Amino acid sequence: MRHHLHLFLLLLLSLSVLPAAQAQSGSFPPAETRRPLHEVRAVWLTTLSGLDWPRRPATTEAGAEQQRQELCEILDRYREAGINTVLFQARIRSTTAYPSALEPWDEVFTGTAGKAPPYDPLRFVVEECHRRNMECHAWVVAFPICSVASERRLGHRALPRMRPELCRRCGDRWMMDPGVPGTAEYLADICHEIATNYDVDGIHLDYIRYPEKGIPFEDTKTFRKYGHGRKLKEWRTENVTRCVRRIHETVKAVRPWIKVSCSPVGKHADLPRQSSYGWNAHDAVSQDAQTWLREGWMDLLFPMMYFDGRHFYPFALDWKENAAGRPVAPGLGIYFLSPSEKDWDLSVIRRQLNFLRDIRIGGEAFFRSRFLTDNVKGLYDFLAHDFYAAPALLPPMTWADSTAPPAPHVSMRRNGSSLHLRWQAITDETPVRYNLYRTDSNGLHLLRQNLRDTSCTVTPALPSALYDTYAVTALDAYGNESPLLPARIAVSASSGPAVAGDTLCLTADDLISAVALLLTDMQGRTVLKTSPAPVVDISRLPAGLYRLSVLRKKDYIHRLRVFRKP
């Protein structure tokens, strides 16, 4: 591992002397050649103070409809950009984006702390994400709770008043105390409430760590009561880990395929050849996130890697090399593209994206939504039209379950310029979704993912694609995918060739202006060329899939369809 880091640092040093123009124009190999089938493509959708959504509070149904419409527009933008995972802020600062039996409503939805809006935002976003074939993870802010001013507005519903033994005042704000054993149980109850009542795909923990030095957090009394002779640093790390472990156990007892993740500080610890300069997860804020991966308490991580250069690349490699077979999707600080922040050039984020894909770390996440959907510095266009132009599945959770569901049997018929596919539902121990693929001479292409229906219609941009091979796979909730089973052609009087034993039967319409018939295998190799006839002997062909084309005058080739020789 350390050898790889050393080599990378040498590479980074050599790249740093390239002129900026060359780095922007010549450093990025074509994304088309490196697009993975599995990749986390996530975005944080922040509800705190309405930073991303909602823009305005709502106290009437008309206002609620405006909020819902605004959210749908944001999710449509995600889908068009290729995003497959939404991290939606559901627990904000000991306040919620859903009707909770434990905590009050956040004021962002109605303008009044503790007041319910006319709808359930979390339920709505989960349903709308699924409608767009994206996962929705409930983002739970762990230890930071309300400000002192918010506590006064919330009154008896404020957490420091309901559970004062769990809370510590830190200047003008309140924090939960990780050292109190009840804190782990309380946070687990919050996550249990969400996992039980909502069809979320994940629970995402934020700020599951001790506060940084700038926050006046005082836990001397707690340490004296619960430390039991341990060193302070060791004790604090155990406290955070206890919370993580308890949340994991609670969520998995509800539905074991719910992904548990968190967003640790972007540098895990000092590296042998690169310092973290005092700011890292393990030593500064007691987050032992790499151990959480190894022990199975985290299914994936979103490290907050909001920096660049030597602060980014060596630490990204460190996350990769200590991922314990789980995906890591570094959070990228796209807000630094804004002229009001660091005014980064887009090439900074492009370079990071290409690097993460090259090392196959698992994906990436974007902080935060509005900087993506506003297309700051052209980032949205780059993702939608280049980097994420092809869809991607989420990495399967093979560490939890690796048994794939059976493949669905698919029938397909052509109707003008469209293809209609239908398949039977697959029964499994978990919810099942479906993926649609197309195969042509250039390989396998994922067209649609996470379909919840058992039928779909495809209208290819090129008419020739009507005669390519299509297949549907079943996908269980762990991400295990069934084998590819090509769709069967539904034959009618005018639908093209039909196989009857060792003969291929064509209609009169198929043979109009035909000068020859051409049969190729799925690799495009010619296996038979013959004169046009309504019946073609295919007895010498081995069993398999073939493509039939009609050669017409002026060398025009009309591809009829793919057929199977039994």
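The values are calculated or read from the model by the stated rules, or taken from the named source; none is laboratory data. Values in this document were obtained by computation on a predicted structure and should not be read as measured data. Cβ sites come from the backbone with ideal geometry, for glycine too, and all protein chains shown count toward neighbours. Note: areas computed on protein heavy atoms with side chains; ligands, DNA, RNA excluded. Shrake-Rupley method; radii C 1.70, N 1.55, O 1.52, S 1.80 Å.
How about the range 48-132: which trypsin sites (Lys or Arg not before Pro) there lie in a loop by DSSP and see at most 12 other Cβ atoms within 10 Å?
Values: sites: Arg55, Arg68, Arg77, Arg79, Arg91, Arg93, Lys115, Arg123, Arg131, Arg132; in loops: Arg55, Arg93, Lys115, Arg132.
Listed in order of number, the matching sites are Arg55.
DSSP loop (so not H, G, I, E, B), at most 15 other Cβ within 10 Å: list which trypsin sites (Lys or Arg not before Pro) in the range 253-307 pass both filters.
Arg273
Can you list the HN-Hα couplings for the range 432-440, worked out from phi with the Karplus curve (6.51, -1.76, 1.60; θ = phi - 60°), rounded to whole Hz and with x for Gly and Pro?
10, 10, 9, 10, 10, 10, 10, 10, 9
Helix 232-254 versus the longest principal axis of the chain: what angle, 0 to 90°, nearest 10, using Cα atoms?
Tilt relative to the chain: about 40 degrees.
Under a point spin-label approximation (7 Å from Cα along Cα-to-Cβ), what is the Ala543-Thr220 distance to one decimal in nm?
Between Ala543 and Thr220, the simple spin-label model gives 8.0 nm.
Leaving out same-chain residues fewer than 8 places away, which aspartates and glutamates sit with a Cα under 12 Å from that of Lys565?
Asp502, Asp521, Asp537
At a 4.7 angstrom Cβ threshold, list every cysteine in the chain that has nobody to pair with, or say none.
Cys72, Cys146, Cys167, Cys170, Cys191, Cys243, Cys262, Cys456, Cys505
Calculate, in whole percent, how much of the Cα-Cα pair population of the range 289-437 lies beyond 27 Å. Before the final figure, lay out each step's value.
Numbers: 4536 of 11026 pairs.
Within the range 289-437, distances greater than 27 Å cover 41 percent of Cα pairs.
Give me the three principal axis extents of the range 40-165 from the C-alpha atoms, as integers in angstrom, largest value leading.
Principal-axis extents of the range 40-165 (Cα, largest first): 45, 33, 23 Å.
State the percent of C-alpha pairs, over all pairs in the chain, separated by a distance greater than 44 angstrom. Intermediate values should be presented prior to the final figure.
Numbers: 44705 of 159895 pairs.
The answer is 28 percent, as a whole percent.
How far apart, in nanometres, would the label points at Asp440 and Arg413 be if each is projected 7 angstrom from Cα along the Cα-to-Cβ direction?
Reported label-point gap for Asp440 and Arg413 is 2.5 nm.
Label the range 437-487 by shape, choosing from rounded, prolate and oblate, from the square roots a ≥ b ≥ c of the eigenvalues of the Cα gyration tensor; if a/c is under 1.5 it is rounded, and otherwise prolate applies when a/b is larger than b/c, oblate when it is not. It would help to have the intermediate numbers written out before the result.
Details: a/c = 2.40, a/b = 1.66, b/c = 1.45.
Here the range 437-487 falls in the prolate category.
Given a 1.4 Å probe and the protein chains all in place, what does the accessible area of Trp174 round to, in Å² to the nearest 10?
Per-residue accessible area (Trp174): approximately 40 Å².
Between Arg56 and Asp76, how high is the FRET efficiency from 1/(1 + (r/R0)^6) when r is the Cβ-Cβ distance and R₀ = 22 Å? Nearest 0.05. Before the final figure, lay out the partial values.
Values: r = 19 Å, r/R0 = 0.88.
The computed FRET efficiency comes out at 0.70.
Largest first and to the nearest Å, give the Cα extent of the range 391-503 along each principal axis.
Answer, in whole Å and largest first: 48, 30, 25 Å.
Straight-line reach only, C-alpha to C-alpha below 16 angstrom: list the lysines that Lys342 could link to, leaving out same-chain residues fewer than 8 apart.
In chain and number order, the partners are Lys377.
Do any GluC sites (Glu not before Pro) in the range 140-237 lie in a loop, going by DSSP, with at most 14 other beta-carbon atoms within 10 Å of their beta carbon, and if so which? Before the final figure, lay out the partial values.
Details: sites: Glu151, Glu165, Glu185, Glu193, Glu212, Glu218, Glu234; in loops: Glu212, Glu218.
Those satisfying the criteria are Glu212, Glu218.
What's the carbon and sulfur percent of the chain's accessible surface, probe 1.4 angstrom, rounded to a whole number? Mind dumping the intermediate values first?
Details: 12500 of 24280 Å².
Carbon and sulfur: 51 percent of the exposed surface of the chain.
What accessible area per residue, rounded to a whole number of Å², is obtained for the range 435-551 using a probe radius of 1.4 Å? Mind dumping the intermediate values first?
Values: 5460 Å² over 117 residues.
Using a 1.4 Å probe on heavy atoms only, each residue of the range 435-551 averages 47 Å².
How big is the convex hull of the Cα atoms of the range 252-357, per residue, in Å³? Mind dumping the intermediate values first?
Details: hull volume 13.1 nm³, N = 106.
Output value, Cα hull per residue: 124 Å³.
Give me the net charge of His130's neighbourhood, meaning all other residues with Cβ under 12 Å from the Cβ of His130; Lys, Arg count +1, Asp, Glu -1. Kindly include the intermediate steps, with their values, before the conclusion.
Numbers: positive: Arg79, Arg123, Arg131, Arg132, Arg433, Arg452; negative: Glu127, Glu128, Glu135, Asp199, Asp201, Asp453.
Computed value for this residue: 0.
As I understand it, the dipole of the range 138-265 uses +1 on the Cβ of Lys and Arg and -1 on the Cβ of Asp and Glu, about the Cα centre. Which of Pro164, Val200, Leu187 lies farthest toward its positive end?
Positive-end residue among those listed: Pro164.
Could you sort 414-422, 196-204 so that the peptide with the highest average Cβ count within 10 Å comes first and the rest follow in order? Let's see the in-between values first.
Details: 414-422: 14.9, 196-204: 20.9.
The peptides rank, most packed first, as 196-204, 414-422.
Pull up the cross-link candidates among the lysines for Lys225, meaning alpha carbon to alpha carbon under 25 Å and not fewer than 8 places away within one chain.
Lys213, Lys233
Relative to the longest principal axis of the C-alpha atoms of the chain, give the angle of the C-alpha long axis of helix 2-15, reported between 0 and 90° and rounded to the nearest 10°.
The angle comes out near 80 degrees.
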